[in-house]
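A.B. asks: Before I ask anything, let me first share the structure, which is written out below as C-alpha coordinates.
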Amino acid sequence: MTLSSLILAYLLLVNILSLAFYGSDKVRARRHDERIPERVLLAIALLGGALGACLGMWLFRHKTRHWRFVVFVPLFLLVHLYILYRLFF
(Lines give C-alpha, C1' and ligand atoms only; values in the text may rest on other atoms or scores of the structure.)
Protein backbone atom coordinates (compact mmCIF):
# COMPACT_ATOMS: atom_id res chain seq x y z
CA MET A 1 0.00 0.00 0.00
CA THR A 2 1.38 3.42 -0.92
CA LEU A 3 1.51 6.45 1.34
CA SER A 4 -1.09 8.26 -0.75
CA SER A 5 -3.54 5.36 -0.49
CA LEU A 6 -2.99 5.20 3.29
CA ILE A 7 -3.69 8.93 3.59
CA LEU A 8 -6.86 8.61 1.53
CA ALA A 9 -8.01 5.57 3.52
CA TYR A 10 -7.41 7.47 6.78
CA LEU A 11 -9.36 10.48 5.51
CA LEU A 12 -12.25 8.30 4.38
CA LEU A 13 -12.41 6.57 7.75
CA VAL A 14 -12.13 9.73 9.86
CA ASN A 15 -14.76 11.54 7.77
CA ILE A 16 -17.22 8.66 8.07
CA LEU A 17 -16.56 8.64 11.82
CA SER A 18 -17.00 12.42 11.99
CA LEU A 19 -20.32 12.28 10.15
CA ALA A 20 -21.48 9.51 12.50
CA PHE A 21 -20.45 11.55 15.57
CA TYR A 22 -22.41 14.60 14.40
CA GLY A 23 -25.46 12.47 13.62
CA SER A 24 -25.22 10.66 16.94
CA ASP A 25 -24.89 13.92 18.86
CA LYS A 26 -27.98 15.31 17.11
CA VAL A 27 -29.99 12.22 18.10
CA ARG A 28 -28.69 12.49 21.67
CA ALA A 29 -29.66 16.17 21.78
CA ARG A 30 -33.22 15.40 20.72
CA ARG A 31 -33.49 12.65 23.35
CA HIS A 32 -31.89 14.80 26.06
CA ASP A 33 -29.25 12.10 26.54
CA GLU A 34 -25.59 12.59 27.43
CA ARG A 35 -23.97 14.57 24.61
CA ILE A 36 -20.66 14.27 22.81
CA PRO A 37 -18.50 17.16 24.07
CA GLU A 38 -18.00 20.02 21.62
CA ARG A 39 -14.23 19.69 21.96
CA VAL A 40 -14.48 16.09 20.69
CA LEU A 41 -16.57 17.14 17.70
CA LEU A 42 -14.11 19.92 16.86
CA ALA A 43 -11.10 17.67 17.43
CA ILE A 44 -12.32 15.02 15.01
CA ALA A 45 -12.91 17.76 12.43
CA LEU A 46 -9.39 19.09 13.02
CA LEU A 47 -7.83 15.63 12.72
CA GLY A 48 -9.07 15.18 9.16
CA GLY A 49 -12.82 14.83 9.53
CA ALA A 50 -13.79 18.34 8.48
CA LEU A 51 -15.65 17.21 5.37
CA GLY A 52 -17.71 14.74 7.41
CA ALA A 53 -18.31 17.44 10.02
CA CYS A 54 -19.49 19.91 7.37
CA LEU A 55 -21.79 17.29 5.91
CA GLY A 56 -23.08 16.42 9.39
CA MET A 57 -23.75 20.06 10.18
CA TRP A 58 -25.64 20.44 6.91
CA LEU A 59 -27.50 17.10 6.82
CA PHE A 60 -28.54 17.06 10.46
CA ARG A 61 -28.74 20.86 10.88
CA HIS A 62 -26.53 20.44 13.89
CA LYS A 63 -24.19 22.99 15.50
CA THR A 64 -25.02 25.55 12.80
CA ARG A 65 -25.71 28.30 15.36
CA HIS A 66 -22.47 27.85 17.27
CA TRP A 67 -19.84 30.28 16.00
CA ARG A 68 -16.95 27.92 16.77
CA PHE A 69 -18.38 25.32 14.42
CA VAL A 70 -19.50 27.76 11.73
CA VAL A 71 -16.02 29.32 11.63
CA PHE A 72 -13.59 26.54 12.45
CA VAL A 73 -15.04 23.49 10.69
CA PRO A 74 -15.02 25.12 7.21
CA LEU A 75 -11.58 26.58 8.00
CA PHE A 76 -10.29 23.10 8.87
CA LEU A 77 -11.75 21.81 5.60
CA LEU A 78 -9.95 24.50 3.61
CA VAL A 79 -6.67 23.69 5.36
CA HIS A 80 -7.13 19.97 4.69
CA LEU A 81 -7.89 20.61 1.03
CA TYR A 82 -4.82 22.80 0.73
CA ILE A 83 -2.62 20.13 2.33
CA LEU A 84 -4.06 17.46 0.03
CA TYR A 85 -3.44 19.68 -2.97
CA ARG A 86 0.17 20.24 -1.92
CA LEU A 87 0.71 16.53 -1.30
CA PHE A 88 -0.80 15.23 -4.53
CA PHE A 89 -0.26 17.99 -7.10
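A.B. asks: Select, from 45, 29, the only residue that is under 19 Å from residue 13 (Cα atoms) and not charged (D, E, K, R).
C.D. replies: 45
A.B. asks: Take region 41-69 and flag every residue that is touching a residue at least 12 places away in the same chain (Cβ under 8 Å) and β-branched (Val, Ile, Thr).
C.D. replies: The answer is 44, and nothing else.
Conditions tested, residue by residue: (1) over 28 Å from residue 88 (Cα atoms); (2) among the charged types (D, E, K, R).
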site: 7; (1), (2): no, no
site: 18; (1), (2): no, no
site: 37; (1), (2): yes, no
site: 61; (1), (2): yes, yes
site: 64; (1), (2): yes, no
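A.B. asks: May I ask you to list the residues in region 16-32 that are open to solvent by 80 Å² or more (accessible area, probe 1.4 Å) and farther than 11 Å from residue 56 by Cβ?
C.D. replies: Within region 16-32, 28, 30, 31, 32 qualify.
A.B. asks: Please work out which one of (1) at pLDDT 95 or above; (2) open to solvent by 30 Å² or more (accessible area, probe 1.4 Å) is the condition residue 1 fails and give its number.
C.D. replies: So the condition that residue 1 fails would be (1).
A.B. asks: Anything in region 54-89 that is part of a loop (DSSP other than H, G, I, E, B) and touching a Gly at 6+ places or on another chain (Cβ under 9 Å)? List them, or say none.
C.D. replies: 62, 63, listed by residue number.
A.B. asks: How many residues, within region 68-89, are surrounded by 12 or more Cβ atoms within 10 Å (Cβ to Cβ) and either of a type outside the set (A, V, I, L, M, F, W, C) or touching a strand residue (DSSP E or B) at 6+ places or on another chain (Cβ under 8 Å) (or both)?
C.D. replies: 3
A.B. asks: Suppose we filter 13, 51 for residues that are surrounded by fewer than 16 Cβ atoms within 10 Å (Cβ to Cβ), within 12 Å of the chain's Cα centre (by Cα) and not in a loop (DSSP other than H, G, I, E, B); which single one remains?
C.D. replies: When all the criteria are applied, what remains is 13.
A.B. asks: How many of the residues making up region 37-47 are surrounded by 21 or more Cβ atoms within 10 Å (Cβ to Cβ) and more than 14 Å from residue 63 (Cα to Cα)?
C.D. replies: We begin by selecting, within region 37-47, every residue surrounded by 21 or more Cβ atoms within 10 Å (Cβ to Cβ); these are 41, 44-45.
Narrowing further to those that are more than 14 Å from residue 63 (Cα to Cα): 44.
Going through region 37-47 one residue at a time, the tally reaches 1.
The values are calculated or read from the model by the stated rules, or taken from the named source; none is laboratory data. Every value quoted in this text rests on a predicted model; they were computed, and no experiment measured them. Please note: Cβ atoms are built from the backbone with ideal geometry, for glycine as well, and neighbour counts cover all protein chains shown. For the accessible areas, the whole protein counts, side chains as well, though only heavy atoms, and no ligand, DNA or RNA atoms are used. Shrake-Rupley method; radii C 1.70, N 1.55, O 1.52, S 1.80 Å.
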